[in-house]
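Presented below is the structure to which this report refers.
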Amino acid sequence: MKLRWNSLGGKLGLAFCVAGLALIWAGWNGAASYNDIRKQFPYLLSGGIAGLALVVIGVGLMIIQSQRADRVQLEANLVELRAILERMTGAPTTNGSTDVTLVVAGPNAYHRPGCKLVAGRDLPKLSPEQAAAAGLAPCRTCRAADADADAEVDLASS
C-alpha cells in the first residue's frame, strides 16, 4: 500500500498540471470570444488564475515526488555502503546478540550501549579490542573504560 502512495505523487502532480493547463485554455477560449474587456475578465480570473494555481500545485507535487525518490535511493546506497564498510573493516554487524560491544560515537570516542550521549542513534558496534586498535578513547560520561575493566575482572574470576 505504501509503495502505491509513494508513486502516486508524480502522477497526481501531472494530472494537476494537465487540469491547470486545460483551465487556462478554457479561460483563454472564453475570453477570446468577446471583444469587450469587461466580459473577458471573468474568464481570465476563473480560468487563468485557477489554472495557474493548479499548475503550480502539480509542479510542487512532482518536485516532492522526485525528492522522495532521490531520498529512497540515497538511503539504499548508504545501507549498501555501510554493509561494504562493515565487511571491509571486519566490524560485526548488529544482529541483536548480547556480546560485550561498545557503541562508537564519532571519530575519537566509544561509549557503553546505554550512554545518554548516543541514546537513540544508530551507530556501529565494535569489540573493546577493535575500539582500542582504532585509537578510540573511552567516553568520560559513561566511563566505558571502567566497563571494560569490570568485564575483564569478571572474565578472569570465572
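The values are calculated or read from the model by the stated rules, or taken from the named source; none is laboratory data. Not measured: the values here are computed from a predicted model. Backbone-built Cβ (ideal geometry, glycine too); neighbour counts: all protein chains shown. The protein model used for the area step is the full one, side chains on, heavy atoms only, and it has no ligands, DNA or RNA in it. Shrake-Rupley method; radii C 1.70, N 1.55, O 1.52, S 1.80 Å.
For this structure, a couple of remarks:
Residues checked against (1) among the hydrophobic types (A, V, I, L, M, F, W, C); (2) at pLDDT 75 or above; (3) part of a loop (DSSP other than H, G, I, E, B); (4) open to solvent by less than 70 Å² (accessible area, probe 1.4 Å):
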site	(1), (2), (3), (4)
VAL59	yes, yes, no, yes
GLU86	no, yes, no, yes
ALA91	yes, no, yes, yes
GLY106	no, no, yes, yes
ALA156	yes, no, no, no
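- Residues (among the small types (Gly, Ala, Ser) and open to solvent by 70 Å² or more (accessible area, probe 1.4 Å)) located in region 28-45: SER33
- Selected residue [open to solvent by less than 50 Å² (accessible area, probe 1.4 Å) and either under 25 Å from GLY10 (Cβ atoms) or modelled with pLDDT under 85 (or both)] from ALA137, ALA133, ALA76: ALA137
- Lone unmet requirement of (1) out of contact with any Cys (no Cβ under 9 Å at 6 or more places or on another chain); (2) over 28 Å from VAL79 (Cβ atoms); (3) at pLDDT below 75; (4) open to solvent by 30 Å² or more (accessible area, probe 1.4 Å) for ARG121: (2)
- Identity of the residue in region 140-150, part of a helix (DSSP H, G or I) and either modelled with pLDDT of 75 or more or of a type in the set (A, V, I, L, M) (or both), that ends up surrounded by the fewest Cβ atoms within 10 Å (Cβ to Cβ): ALA149
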